[in-house]
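Student: This is the structure I have questions about; it appears just below.
The values are calculated or read from the model by the stated rules, or taken from the named source; none is laboratory data. Owing to the predicted nature of the structure, the values given are computational and were not obtained by experimental measurement. Just so you know, the surface numbers come from the protein's heavy atoms only, side chains and all, with ligands and any DNA or RNA stripped out. Shrake-Rupley method; radii C 1.70, N 1.55, O 1.52, S 1.80 Å.
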Amino acid sequence: MKPANNHGLKRIFRATGFSIKGLCSAWKHEAAFRQEAVLALLMIPLALYLDVAKTEKILLIATVFIVIITELLNSAIEAVVDRVGDEIHPLSGQAKDIASAAVFISLCLCGLTWAVVIWPLVL
């Protein structure tokens, strides 16, 4: 049921609480999210440390966030599909596979971006 008085700062505080609850749930129940979050905690400071242009730093950090965002959406889709029913259905598998593919594509984008930016530093 939707709260009657849900506007202004109260709405913002409630939404923030729900977001934190979602992050905690993902951390507790999703191993892939935990792995990607730990990598993000290593990669973001590294991106800030690297001697590259500001736009390159932003690209490095943004692609890491894209991976995290995509993993959260994938986890949400999987939870909804699992909630709908236990029976095996082609559309349920398709939804999960497509969400997983989105995570894969985001990981490819992140890896490619990091490789392109870091490669000149290695040479």
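Student: Let me cross-check L123: its accessible surface, 1.4 Å probe, with only protein heavy atoms counted, in Å² to the nearest 10?
Tutor: 150
Student: Then there's this: With N set to the number of residues, divide the alpha-carbon radius of gyration of the range 17-123 by 2.2 N^0.38 Å and report two decimals. Working shown, then result.
Tutor: Details: Rg = 16.3 Å, N = 107, 2.2 N^0.38 = 13.0 Å.
Ratio of Rg to 2.2 N^0.38 Å for the range 17-123: 1.25.
Student: Take every Cα pair under 8 Å in the chain that's 6+ residues apart, average their separations, divide by the length, and report that relative contact order as a whole percent.
Tutor: Numbers: 61 pairs, mean separation 30.4, N = 123.
Relative contact order for the chain comes out at 25 percent.
Student: Same structure again: Does anyone have the angle between helix 8-29 and the longest principal axis of the chain? Alpha-carbon axes, 0 to 90°, nearest 10?
Tutor: Here the helix axis deviates by roughly 80 degrees.
Student: A further question on this structure: Ignoring ligands, DNA and RNA, how do W114, W27 rank by accessible area with a 1.4 Å probe, largest first? Before the final figure, lay out each step's value.
Tutor: Working: W114 20, W27 120 Å².
Ranking W114, W27 by accessible area, largest first, yields W27, W114.
Student: Can you tell me the Rg and Dmax of the range 25-83, counting just the alpha carbons, in angstroms?
Tutor: Answer for the range 25-83, Rg first and Dmax second: 13.8, 47 Å.
Student: Given springs between every Cα pair under 10 Å in a Gaussian network model of the chain, which of I20, I105, I69 has the largest fluctuation?
Tutor: I20
Student: Also, quick follow-up: Suppose only helical runs count, i.e. DSSP H with n ≥ 4. What mean residue ellipticity at 222 nm does that imply for the chain under -39500 (n - 2.57) per run, divided by all residues and rounded to the nearest 500 deg cm²/dmol? Present the calculation step by step, with values, prior to reporting the outcome.
Tutor: Values: 4 runs with 105 residues, N = 123.
-30500 deg cm²/dmol, from helical runs alone.
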